[in-house]
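Scroll down for the structure; my scribbles are underneath it.
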Amino acid sequence: MDPQYDHTRYESNIYGIWEKSGSFSPQSSAHGSPFTIIMPPPNANDPLHIGHARFIAIEDTLIRYHRMKGEQTLWLPGSDHAGIETQYVFEKKLAKEDKSRFDFDHDTLFKMIWDYVQENTGVMESQLKKLGASCDWSRFKFTLDTEIVKIVYKTFKKLETDGLLYRGERIVNYCPRCGTAYSQLEVDYVERDDNLYYLDYGTVTIATTRPETIFADVAVAVNPKDVKYKKLVGSTAKIPLINRDVPVITDKLVDVTFGTGALKVTPAHDPTDFEIGKSNKLPLISVIDEKGRMTGTPEKYIGMKVFTAREEVVKDLELAGKIKKIEKIHHTVGVCYRDHGILEPMVSKQWYVKVEPLAKKVLTSIKSKEVKFTAKKYEKIAIHWLKNLRDWNISRQIAWGIRIPAYRCGRCMEWTITDGEIPTKCDKCGNGILTQDTDTFDTWFSSGQWPFATLQTTNPGDFERYYPTSVMNTGYDILPFWVIRMLMLGIYTTGKVPFETVLLHGLVRDKEGLKISKSKGNGIDPILMSEKYGADALRMGLLWGALVENDVALSEDKINGQRKFANKIWNIARFVLSNKQSERVKELKSKTKNTDDEWILKELKDTTKKVTKALDKYRLNEATEEIYDFIWHKFADVYIEKAKEPFDKESGKITVRKGAIPTLYKVLESGLKLLHPFMPFVTEQIWHEMGNKGLLITADWPKA
């Protein structure tokens, strides 16, 4: 063995041996029950970030542990087309060429993005391998695979048949820069200071942060319990600049503590106003288009962007003497989760799923423990979301994704929904002139079907054998986006929960505990770190020091510390193997009488129990700390030092007492098994150096 462990010499070769051996597929000799994880699919054409590396470390540890326990273990990998995420990246590429997505029709843009993804695909797969992911590549899936798309279409049609799908005109969160609507879950909220303008509406004063939308006002509303406006109800107010009279009405949604307690009602550009307008049968007037520019206003403002229009409207209101005062207000506003720009609430026709019936079934499954959360706090968050979800807008105005199989009749203007087949005539009037909707599915609608869609399209019998899956591990930040939706669609479509355990992991932060971001310059490239220190060191660094569900602080020093641990194990093995390998005894035939041997064997037994228990409870950090302490301190620092004979000056070697050799080998072998799920490369190489037959990856887990 080399004096130092050099990961660059071994890792690639070891992974190739694992892959060729078929070890990543469920073993036909496995005697235990199935253990299955469906990998959260990373973006097909993007390099992995440090958050991906954490889920790989967690999931691969669990997979290797259950594989060694003899269970039918499957880790199914895949990649995600990622919808708006990928299109957003591609649009930035177009912008550098002075082009826009609006320069191309739907099909052309889709083909361009497809080609772009294909050019870059494989990056993520090669990086997963570099980090040691022992997933079954023969079952790899992509969210745009034809057979996956067919299942998504089938679910869409089933929702329509069951009366859980509708096309509705409602207020949506619209990003004029991305050119698409988003669901309520995709809105980020930020705190900021804005001006609150008190405007003269003739008979009443209203307060608003958005004076540019006064042209879309259709009423002024007051709370029915607000006595100061009792005499005003039923009269009219006058919109400044255009002098249009609007009725003064009452509605319980009006907040009496905001501004003057009188609300300008703009149903086309505010969610609360939309609800007030709907309950009071008010008209809809839109003055902001999908590009974020003014429309349907006095000519002066037409074509202006919203903030420019706001400045101009304020100037004109001041000239007209219609601004009574201006205050500063600290409030929250909705921004696009992609570009972080302000979202425009606007009325739009979209496809919606009725979520209440779906959410109720998930709540029942949580209550009955059909699905369990390893962290109680996340179960509470899931329940809160499930009880407060609005109907889910599943249509997106983008090209990249799964196109919605809905066809509109040119004669009766009704929609025909299919399961992917192209209809020959309208379901309603029989007309044959149909046009397909250009919208695509929300990417979370397709990925929400990922567990059953993958297993239904791999090998025959996979779905029956491996569904429900054992564990869903992903970041806590996408609990409402993805986990809840997988539960809703999984139970609805299959009648069973898609996974039995939800193991959410925290974010990776820098050594100061700050969120990692490009703007802060504190990013940690997992591939560079694994190339520099080894994949084993990176994996241990990501698992060490924090419960899975908590954020973990990571630094290069921490990763380097685990590289030193890998080298320590290597040096322990070199020392053990240098001591009369011919006298090795794999099994201790009789209980040793040496107290040091008895002590280390007892410590090995205790450590095996603790590591096994910690892994079964998903407390991976505790397992790493136990095995680290045992190998470095108890085995190396204490037992090996006591087992050493005095230095032999003639031979120039340090030897151990003869009776300790069987114990040394037994402890080393068992220690490698315990450590393998966490640090697979160095342990596999040492296993080979020891002359063991077979691979460590499929060796039996040690018995306590």
Checklist line | For region 1-143, the fraction of alpha-carbon pairs in successive 10 Å shells from zero, as % | finding: 10, 33, 27, 18, 9, 2, 0
Next item on the list: List the residues whose amide H sits under 5 Å from the amide H of residue 288, counting only those 5 or more places along or on another chain, with H placed 1.01 Å from N in the peptide plane.
Entry: 295
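Only Lys, Arg, Asp and Glu count, each charged at its Cβ (+1, +1, -1, -1), so figure out the dipole size of region 180-345 about its Cα centre, rounded to 20 debye. Present the calculation step by step, with values, prior to reporting the outcome.
Working: 23 positive and 25 negative charges, 135 e Å.
The calculation lands at about 640 debye.
Roughly how many debye, to the nearest 20, is the charge dipole of region 93-142 about its Cα centre, given +1 on each Lys and Arg Cβ, -1 on each Asp and Glu Cβ, and no other charges? Spell out each step's value before the answer.
Working: 9 positive and 9 negative charges, 66 e Å.
Result for region 93-142 is approximately 320 debye, rounded to the nearest 20.
If packing is taken as the average count of other Cβ atoms within 10 Å, what order do 94-100, 401-407, 204-210 fall into, highest mean first? Intermediate values should be presented prior to the final figure.
Working: 94-100: 10.7, 401-407: 21.4, 204-210: 19.0.
Sorting 94-100, 401-407, 204-210 by mean packing, highest first, produces 401-407, 204-210, 94-100.
Which length gain, in nm to one decimal place, applies between residue 324 and residue 369 when the Cα-Cα distance is subtracted from 0.36 nm times their residue separation? Spell out each step's value before the answer.
Details: separation 45, 0.36 × 45 = 16.20 nm, distance 5.84 nm.
My answer for the length gained is 10.4 nm.
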Next item on the list: Go through the chain and flag any cysteine with no other cysteine's C-beta closer than 4.7 Å, please.
Entry: 135
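To the nearest 20 debye, what charge dipole does the chain have about its Cα centre, counting +1 at the Cβ of each Lys and Arg and -1 at the Cβ of each Asp and Glu? Don't skip to the end; give the middle numbers.
Values: 103 positive and 95 negative charges, 339 e Å.
So the magnitude is around 1620 debye.
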Item checked: For region 180-345, alpha-carbon Rg over 2.2 N^0.38 Å -> 1.01
Checklist line | Leading residue at positive end of dipole, the chain (Cβ point charges), from 74, 47, 229 | finding: 74
Check: Please identify the trypsin sites (Lys or Arg not before Pro) of region 263-327 that satisfy two criteria: DSSP loop assignment and at most 13 other Cβ atoms within 10 Å. Which are they?
Finding: 281, 291
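Diagonalise the Cα gyration tensor of region 556-698 and give the resulting equivalent ellipsoid semi-axes, square root of 5 times each eigenvalue, largest first, whole Å.
Gyration-tensor ellipsoid for region 556-698: 25, 18, 15 Å.
Of 129/157; 225/367; 111/425; 20/157; 564/605, which sit over 32 Å apart, Cα to Cα?
On the way: 129/157 38 Å; 225/367 40 Å; 111/425 28 Å; 20/157 42 Å; 564/605 25 Å.
129/157; 225/367; 20/157, as the Cα separations exceed 32 Å there.
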Note to self: As I understand it, the dipole of the chain uses +1 on the Cβ of Lys and Arg and -1 on the Cβ of Asp and Glu, about the Cα centre. Which of 407, 364, 573 lies farthest toward its positive end?
What the structure shows: 364
Checklist line | residue 194 versus residue 411: modelled label distance in nm, points set 7 Å from Cα along the beta carbon direction | finding: 4.8
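Counting other beta carbons within 10 Å of each Cβ, put 340, 81 in order, fewest first.
340, 81
Can you work out the FRET efficiency for the pair residue 138 and residue 532, with r the C-beta to C-beta distance and R0 = 22 Å, to the nearest 0.05? Mind showing how you got there, number by number?
Details: r = 31 Å, r/R0 = 1.43.
The value I calculate is 0.10.
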Check: aspartates and glutamates within cross-link reach of residue 231: Cα-Cα under 16 Å, excluding same-chain residues under 8 positions apart?
Finding: 251
Item checked: Angle in degrees between helix 556-577 and the longest Cα principal axis of the chain, rounded to the nearest 10 -> 20
Next item on the list: Give, in whole angstrom and from largest to smallest, the semi-axes √(5λ) of the equivalent ellipsoid of the chain, with λ running over the eigenvalues of the Cα gyration tensor.
Entry: 60, 28, 23
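Starting from the exponent 0.38 and prefactor 2.2 Å, build the expected Rg for region 171-245 from its residue count and divide its actual Cα Rg by it.
Cα Rg divided by the expected 2.2 N^0.38 Å: 1.43.
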Margin query: Can you give me the long-range amide H partners of residue 507? Hydrogens built in the peptide plane at 1.01 Å from N, cutoff under 5 Å, separation of 5 or more residues or another chain.
Written below: 551, 552
Check: According to a simple spin-label model (label point 7 Å from Cα along Cα-to-Cβ), what is the distance in nm between residue 557 and residue 515?
Finding: 2.5
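Determine, from the Cβ-Cβ distance of residue 258 and residue 616 and an R0 of 60 Å, the FRET efficiency 1/(1 + (r/R0)^6), rounded to the nearest 0.05. Present the calculation step by step, with values, prior to reporting the outcome.
On the way: r = 53 Å, r/R0 = 0.88.
Efficiency computed from Cβ-Cβ geometry: 0.70.
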Next item on the list: Take the Cα of residue 377, step 7 Å along the line toward its Cβ, and report every residue of region 517-553 whose backbone nitrogen sits under 12 Å from that point.
Entry: 547-552
Note to self: Quick query: amide H of residue 172 versus all other amide H atoms, modeled in the peptide plane; which residues come in under 5 Å with a sequence gap of 5 or more or a different chain?
What the structure shows: 346, 347, 348
Next item on the list: Determine, for 412, 175, the number of other Cβ atoms within 10 Å of each Cβ, and report the residues in order from fewest to most.
Entry: 412, 175
Margin query: Considering all alpha-carbon pairs of region 269-334, what whole percent are spaced by more than 18 angstrom?
Written below: 56
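Please arrange 549, 689 by counting, for each residue, the other beta carbons lying within 10 Å of its beta carbon, fewest first. Mind showing how you got there, number by number?
Working: 549 18, 689 14.
By the 10 Å Cβ count, ascending, the order reads 689, 549.
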Notebook entry, point to check: How much length, in nm to one decimal, is gained on full extension between residue 106 and residue 331, taken as 0.36 nm per residue of separation minus their Cα-Cα distance?
Noted result: 77.2 nm
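Read-outs throughout are calculated quantities, based only on the coordinates presented, and are distinct from any laboratory measurement. Owing to the predicted nature of the structure, the values given are computational and were not obtained by experimental measurement. All Cβ positions, glycine included, derive from the backbone under ideal geometry; neighbour counts span all protein chains shown.
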